[in-house]
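Some notes on the structure that comes next.
The values are calculated or read from the model by the stated rules, or taken from the named source; none is laboratory data. Computed from a predicted model, the values in this text were never measured in an experiment. Don't worry about glycine lacking a Cβ; one is built from the backbone with ideal geometry, like all the others, and counts go over all protein chains shown.
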Amino acid sequence: MIYLRPHHILCIQQFKGYGYNNIFVENMFNILNRLNEEQIIIKEDFDDICKKCPNLVNDVCISDGEIDLLDNKVLNLLNIEINKPIYFNDLKLYLSENLTEEIFYNICNSCSWYKKGFCNFKNFKF
């Protein structure tokens, strides 16, 4: 199983190797390589990506308020279920049917990675 926070559903599809440090980047590529082999569980707290993030200190995320906001936006706008196993291909199909450029903007416009130009709706591979 791969455990992901709701906003990471969008982030993993935009990831290009930029990250906080080598440990984080290596972990992300490991998760990306497993996406088509394992089921995904969407959860509301720290996930498999967070575990290697340098912003997670003593089980506290220094960006927690911003991250919670992103997670809530994904849950509200895409109506994705928590704790229900889903395959990545099914998730991509669901996103292709429900994610519009406007919804993407409404979710991601406050994210620092979006503001830096790393994320773009046109880069999604549905």
Task: Conditions (1) touching a strand residue (DSSP E or B) at 6+ places or on another chain (Cβ under 6 Å); (2) within 19 Å of PHE126 (Cβ to Cβ): number failed by ASP47 - done: (2)
Open item on the list: For the range 90-126: of the residues being β-branched (Val, Ile, Thr) and more than 16 Å from ILE67 (Cβ to Cβ), which is surrounded by the fewest Cβ atoms within 10 Å (Cβ to Cβ)?
Closed with: THR100
TODO: Could you grab the pairs with beta carbons closer than 6 Å, sequence gap of 6+ or different chains, first residue in the range 105-126 and assigned to a loop (DSSP other than H, G, I, E, B), second one of a type in the set (A, V, I, L, M, F, W, C)?
DONE: CYS119/CYS108; CYS119/TRP113
- [ ] Hey, could you check the range 30-53 for residues that are farther than 9 Å from LEU4 by Cα and of a type in the set (A, V, I, L, M) and say which is surrounded by the most Cβ atoms within 10 Å (Cβ to Cβ)?
- [x] ILE31
Task: The listed residue being touching a residue at least 24 places away in the same chain (Cβ under 8 Å), over 19 Å from PHE118 (Cα atoms) and touching a helix residue (DSSP H, G or I) at 6+ places or on another chain (Cβ under 8 Å), out of LEU77, LEU56, LEU70 - done: LEU77
Task: Selected residue (criterion: modelled with the lowest pLDDT) from residues of the range 12-29 that are under 24 Å from ILE103 (Cβ atoms) and either touching a strand residue (DSSP E or B) at 6+ places or on another chain (Cβ under 9 Å) or exposed (fewer than 13 other Cβ atoms within 10 Å of the Cβ) (or both) - done: TYR18
- [ ] Find the residue count for the range 70-89, including only residues that are in a helix (DSSP H, G or I), surrounded by fewer than 17 Cβ atoms within 10 Å (Cβ to Cβ) and modelled with pLDDT of 90 or more.
- [x] 2
- [ ] For residues that are part of a helix (DSSP H, G or I) and of a type in the set (A, V, I, L, M), scanning just the range 92-104, find the one that is modelled with the highest pLDDT.
- [x] ILE103
